[in-house]
Each structure stands twice: as C-alpha cells, then as structure tokens.
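The values are calculated or read from the model by the stated rules, or taken from the named source; none is laboratory data. As the structure is a computational prediction, the values presented were derived from the model and not from experiment. Note: ideal-geometry Cβ built from the backbone for every residue, glycine included; neighbour counts use all protein chains shown.
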Amino acid sequence: MDIQMMVIARQAISSVRRMLLALGILFVLAFGGLSIANVAAKTVSIPLPLLNEGLDTTTSSIFIPVIERDTDNTTNTTETTSLYLPMISKRVQIATRFGFGAASGSPDSFPEIDSVKAGWYLNWGVNKSPSQPNGMEYAQMIRLHQDLTCEIGSATAHSRTLCPYVVPHSYTYRPSAATIRDVAQARPGSLWLIGNEMERRDWAGGGHQDEMLPELYAEAYHELYTLIKAADPLAKIAIGGVIQATPLRMQYLDRVLDHYQTTYGTRMPVDVWNTHTFILPEKSGYWGADIPVGLSETSGAYLFHLGPGGEVLSTMPEHIDRDLIAQQIRDFRQWMKDRGEQEKPLIITEFSVLLPNWVLGLPDEDANSIIDYMIWSFNHFLDTKDCNLGYSADECRLIQRWVWYSLSDTSGFNEHQSYFNPSTKEITDTGRAARQFAQERMSELSKSPY
C-alpha cells in the first residue's frame, strides 16, 4: 500500500470512529432517560478530518431523526435533532504508473497540470514539502559524485589526467545526512533514488551527472540505504538509473553488486530496480553516452553512423527505434533474473526523445513522430507481459512505472518532447496526447504496480 493510501485509510478510520461516537451519544440522549425536554431542535456537527490533498469535494450526508424524551421516559415532543455525518470524499483518480521529470519550475505553476492526471514525478532533488498536484507522488533523489582533485564542473573536471580522483577514493552527496533523515521521517514510505546516471563520465565544458567508480557507488549506496531505512523502514529505495541498458552498462552494475557482496557479505538490498532507456552512441570522447566510468573499453553500443576517421556523426534516426527500446527492457529484465532479482519492480525514471528533429532526420515541425513514439512507449510499458521475465505481482509486466522527460524543459533537447511551454505555461500537443492517453487507460494506469 503506498503512503497516500495509508494516509487516506487512517483518515477514513478516524471518520468512522467519530461517527460511531456521535451515534452513541445520540442513543444515550434519545433512550437513556436524560432530561432534555424543551430543548430546541438543533444540528449536531462532527469535526471533519482534513482530506484535501489529492481529493475532490464530492460530499454526502445522512439525516438521522432523534425523538427527544423527558425524565419519565415518555414522549415529550417530536422535534428532531439533525445529525450530519462526516463528509465522504473520494480520491481523484490519477495515473499511478505514469509520471514526468520536472527539470525546472514547479508543476503547480502550469494551470492545466491537474488535467494531465500523472501519478508521480521527480525533479532530481530531495524535498520535504514538494508540490503535489492531485496528490501525485514525489520521488526523492539523492545526488552524489566521486571526489576530484579539482572543482566539479570546472574546465578540467572531465579529465582524469588533469583532474584525477582524490586518493583514497571518497565521495560527496547532497543534501546532508541530517536533511535526508529529516525528510525520510517526515515523508514515510517515499521512493528514494540513490544517484542519477552514476556511470556517466563528466564531459568537457563542465557537464556532469553523478560519476562514480562502480565499487565506490556500492559503498555510497550502502551508507545511504542504511541512513534512510533507519529513519523510515517503509521507504522504498532504488539504484540510480544508468543511461541505457547496454552490455557495458550492465557490466558496470555487475561490478556494483559484486563489490557489495564482497564488502558486506550479503546481497545488495534493492527494493526497486531502475534504469533509463535512451539510445545514444557509446564511444569514448564523443557525444552520446560515452563509456561507463571504470571500464577500459573505448567503444560500445549504437555506433550506427561513423565518419571516415571513426568519429560519431550527428545523425541518429535510431534514437527512436522501437525495437531497440523493447530489447533494452528485455535485456535488463533478463539481467535481473540472472541475478535472482526478477521478483522486484523495475521502473524507468527517465526516457524521452532528447535529440533534435534534424539529428533524427525529421522535419523541424514534425511533432507527430515524437508523439507517436511517446504513446507507443507508454502502451508498450503498460501492455508487455512475460511471466518468464516480468514481475508476477504486477501480472508479469516488465515495467511497473515510468517517467517521461520532460514537463517543460526544451533547452538543448528535442523541441517537441515537453508537456508544457516553459514561457507561456500552456499545454503542448505532446502534453495533450499524454493527457488523452491517461484518460483512455486510467483503469489500468491507476492501479498500484507494487
């Protein structure tokens, strides 16, 4: 049961208790011989629990007539006392499985955000009081990085020759341990993501994600898992998402799990497995996903378009190849099965069309191709089931939940992937298509996947 449902269940129990208390009081008044003769008819109201977050205000009330009696227990009057039971509210139905990444701006700054009915989101950070339109879930993400001998994000930070790792190896994470503990206690049952694309090498120009050698990531994961679970045993903890499920990236994860087992004498405890599903070239020193940190290879997957000197060219229609995405998911699930992790949820915390239309070989104005890919992906995630690989508690689905990138970020990425225009705040054609998908398949999307 997710935390939102737990809160609502407790509130419902509280409402029932108050109702029974009120009925008991009225029974005593009506039949217990108390002298209330000549008391004017009045309305008895019961304090209402606060059921605002994620609920609509549809109400119903019950009128109960109570015959008032005097001290002789004979009927004195037929005046009645009105009892209106607590308001019965129903939760707004949202698509629990489907969400978005909000790289900039708060979701509630977009007037039509409620209509999208997304069930969860993340913004690559930790927040004790996040915006939650419709009561949607907020996923916490701790950011980390291996310590360098120069400043992270500086001009030389991408070079391990000019800016090597601190020795002995160490790492830094944010926010602080005290803040993480405070948020975990304040928001029990939250999903926590430990890092983001931690296998991604920093790149020239100061760009970076959460670069960490796989062995050091295993140690950071252990520290943060222990910290969060001590503060909130109900927390669900996931690994950070690798960029794509390719052989080199799965090799990185193998080293993470092996080091954890060797160091701590037990399997790495993962509540929820997590990946990203992009299709980007893997070649050292070129644009794309590069080679996972700690690996000695210089080239990997998706090298479809190379120049005469082996350079990666700026063309890649395969970025939205549906068969490649479907295979990535199966490969990750097969890896999970081989590692004894099949009966765990698998989520996608970032996928989209990142590359501009001209790199995909599409006309600049072609939004339909991007929308078609998105909707195909949503349906594929929801409908693909295989009991040989999937999660049996979710009807053998391979994917339990997913996040589309992005809510409103268009800077440097495909011009048609965002749900809202960041300047006008208006919903885009892509946002409308996502909204329609949620409406049409709400009965399946609203079911809790784990």
Report yes if Gln93 is touching a residue at least 60 places away in the same chain (Cβ under 8 Å), within 18 Å of Arg435 (Cα to Cα) and polar (S, T, N, Q), otherwise no.
yes
Look at region 389-416 and say how many of its residues are touching a Cys at 6+ places or on another chain (Cβ under 8 Å) and free of Cβ contacts under 8 Å to residues at least 24 places away in the same chain.
1
Tally of residues being of a type in the set (Phe, Trp, Tyr) and closer than 25 Å to Tyr450 by Cα across region 261-297
2
Output for region 228-256, where each listed residue is assigned to a loop (DSSP other than H, G, I, E, B) and among the acidic types (Asp, Glu)
Asp232
Can you name the helices (runs of 4 or more DSSP H) wholly within region 354-450 that have at least 1 residues being over 21 Å from the mean Cα position of the chain (by Cα) and surrounded by 18 or more Cβ atoms within 10 Å (Cβ to Cβ)?
357-360, 368-383
Taking the options Ile320, Ile329, name whichever one is in the same structural domain as Leu355 (by TED's automatic domain parsing), in contact with a Phe, Trp or Tyr (Cβ under 6 Å, 6 or more places away or on another chain), at negative phi and crowded, with 17+ Cβ neighbours inside 10 Å.
Ile320
Picking from Thr226, Thr179, the residue that is surrounded by fewer than 22 Cβ atoms within 10 Å (Cβ to Cβ), at pLDDT 95 or above, closer than 27 Å to Lys344 by Cβ and in the same structural domain as Arg267 (by TED's automatic domain parsing) would be Thr226
Taking the stated definitions as given, is Ile239 farther than 23 Å from Tyr450 by Cα and either crowded, with 16+ Cβ neighbours inside 10 Å or of a type in the set (Asp, Glu) (or both)?
no
Of all residues making up region 195-224, the number that are in contact with an Asp or Glu (Cβ under 9 Å, 6 or more places away or on another chain) and not in a loop (DSSP other than H, G, I, E, B)
5
Those residues of region 261-314 which are within 23 Å of Arg160 (Cβ to Cβ), out of contact with any Ser or Thr (no Cβ under 7 Å at 6 or more places or on another chain) and among the acidic types (Asp, Glu), in sequence order:
Glu297, Glu311
Close pairs (8 angstrom Cβ cut-off, 6 or more residues apart or separate chains): more than 21 Å from Ser104 (Cβ to Cβ) in region 127-156, β-branched (Val, Ile, Thr) and crowded, with 22+ Cβ neighbours inside 10 Å anywhere
Gly135/Ile94; Leu144/Ile194
Tell me, please, whether a residue that is polar (S, T, N, Q), modelled with pLDDT under 95, closer than 20 Å to Phe351 by Cβ and in the same structural domain as Leu346 (by TED's automatic domain parsing) can be found in region 408-427.
yes
Take Glu343 and decide whether it is under 26 Å from Gln261 (Cβ atoms) and either in the same structural domain as Arg249 (by TED's automatic domain parsing) or part of a loop (DSSP other than H, G, I, E, B) (or both).
yes
Residue hits (region 253-277; surrounded by fewer than 21 Cβ atoms within 10 Å (Cβ to Cβ) and among the aromatic types (Phe, Trp, Tyr)) are Tyr264
Taking region 231-266 and keeping only residues that are free of Cβ contacts under 8 Å to residues at least 24 places away in the same chain and over 22 Å from Pro292 (Cα atoms), one is left with Pro233, Gly265, Thr266
